[in-house]
1. For an R0 of 35 angstrom, estimate the FRET efficiency from the Cβ-Cβ distance between Ile96 and Asn169 and round to the nearest 0.05.
2. Using the charge dipole of the chain (Lys, Arg: +1 at Cβ; Asp, Glu: -1 at Cβ; taken about the Cα centre), state which of Ile284, Asn341, Met199 has its Cα farthest towards the positive end.
3. When Lys and Arg each count +1 and Asp and Glu each count -1, what net charge do the other residues less than 13 Å away from Lys138, Cβ to Cβ, add up to?
4. If you put +1 on each Lys and Arg Cβ and -1 on each Asp and Glu Cβ, how big is the dipole of the chain around its Cα centre, in Debye rounded to 20?
5. State the answer as a single residue: which of Tyr178, Tyr108, Ser168 lies farthest towards the positive end of the charge dipole of the chain, with beta carbon charges of +1 for Lys and Arg and -1 for Asp and Glu, about the Cα centre.
6. Which lysines have a Cα less than 24 Å from the Cα of Lys150, not counting those fewer than 8 places away in the same chain?
7. If Rh is defined by the Kirkwood formula over all Cα pairs and Rg also comes from Cα, what ratio Rg/Rh do you get for the chain?
8. Using a Gaussian network for the chain with springs between C-alpha atoms less than 10 Å apart, which of these wobbles most: Gln213, Gln189, Gln152?
Amino acid sequence: MKRKYLLPALLVLQIVYLKLIAFYPEVVEQYYSNGLYVGISYFMRIALGWIPFSVGDLLYGIAISFLLFQLWKTRNSWKQNWKTNLLQITSYLSVIYFVFHLFWGLNYYRVPLFEKMHIERDYSDADLENFTQRLIAKTNEIHFEITHNKNQKVINPESIEAIFISSSNGYENLQKEYPFIYSHPSKKQSLFSLPLTYMGFAGYLNPFTNEAQVNYKLPRFSLPNVVCHEMAHQIGYASESECNFIGFLAGIKNKDLYFQYSAYSNALKYCLLNIAMKDEAKFIYLKSKINPGIVKNYKENDAFWKQYDTIIDKGFHAFYDQFLKMNQQKDGMESYSKFVNLLVNYYNKKPL
């Protein structure tokens, strides 16, 4: 085989391999997620965590610049050399695809958290309403403990750096009960926070550098929950619903009340949205039980995203929806809300 066909051929083999490995989640769990990945992630976070800026974002910027330069340089040669250019692009994609799955992406194929924690997948409307009632009471309690005023919204006075430092506390407490072990912090303010906002994303994990990227433009009250979510990605969980769940557990285990409020209020929002889709009257009734200050925080968050609402975020959400579906998350963007299934069934017989 000629060398120029080697990497494109390997891309095809990688795709076939991933189709097959999807049938063996236990193998991925044992040898990759709890084996090779642990070493890779520790190394990346130790090597890059101390650097104050996002190395991953910088690399993305260089890669995008290189791509644009190459497209400009070859703009007049596509008709004559389309085959060569296409093979070159496919070769690049093959290498990126391999590194992505080696460094992090194989976590999409691990054993689901439902199975590992023996949590039921489905719940009844009564289960959801009961849990939401309990969640409202708990969120109201934490909100009032912070503000001492039911009508006042929560304003988190902590700096982003302080939030990053405090975020490890919840995981330290959580790992006393479950093996969600986080060490060697690598949490960064994304250099692309403005583009991320227009794209509709609160943060992301850079799979090539294992840095947790956080959109620093977000309303401050929601930031602790976002940080805990991205940390869950760092410890090897790819499913968005699972990261929402683990991030929630880490948030409420944190001694910092602002972390607890961020986690509880986010979970409550998801539960209310699920109820609203099924029974609007019940949603209105439950909403009336929430402290007005919490509702003000929700409105603050909605107003923030609305000012950046363009066709750009719809396009990127459509792209990410397909990306998730291609990577073992058949519900796509809706997989974020599957976090409610984990919550309701996990707390069915447990106190909040």
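Please treat every number below as a calculation from the coordinates, not as lab data. Since the structure is predicted, the reported quantities are computational estimates derived from the model, not experimental observations. Using ideal geometry, Cβ is built from the backbone for each residue, glycine included, and neighbour counts are taken over all protein chains shown.
1. Taking R0 as 35 Å, the efficiency between Ile96 and Asn169 is 0.50.
2. Met199
3. Residues near Lys138 contribute +1 overall.
4. 920 debye
5. Selected residue: Tyr108.
6. Lys138, Lys253, Lys255, Lys269, Lys282, Lys287, Lys289, Lys296, Lys299
7. In the chain, Rg relative to Rh is 0.99.
8. Its mean-square fluctuation being the largest, the pick is Gln152.
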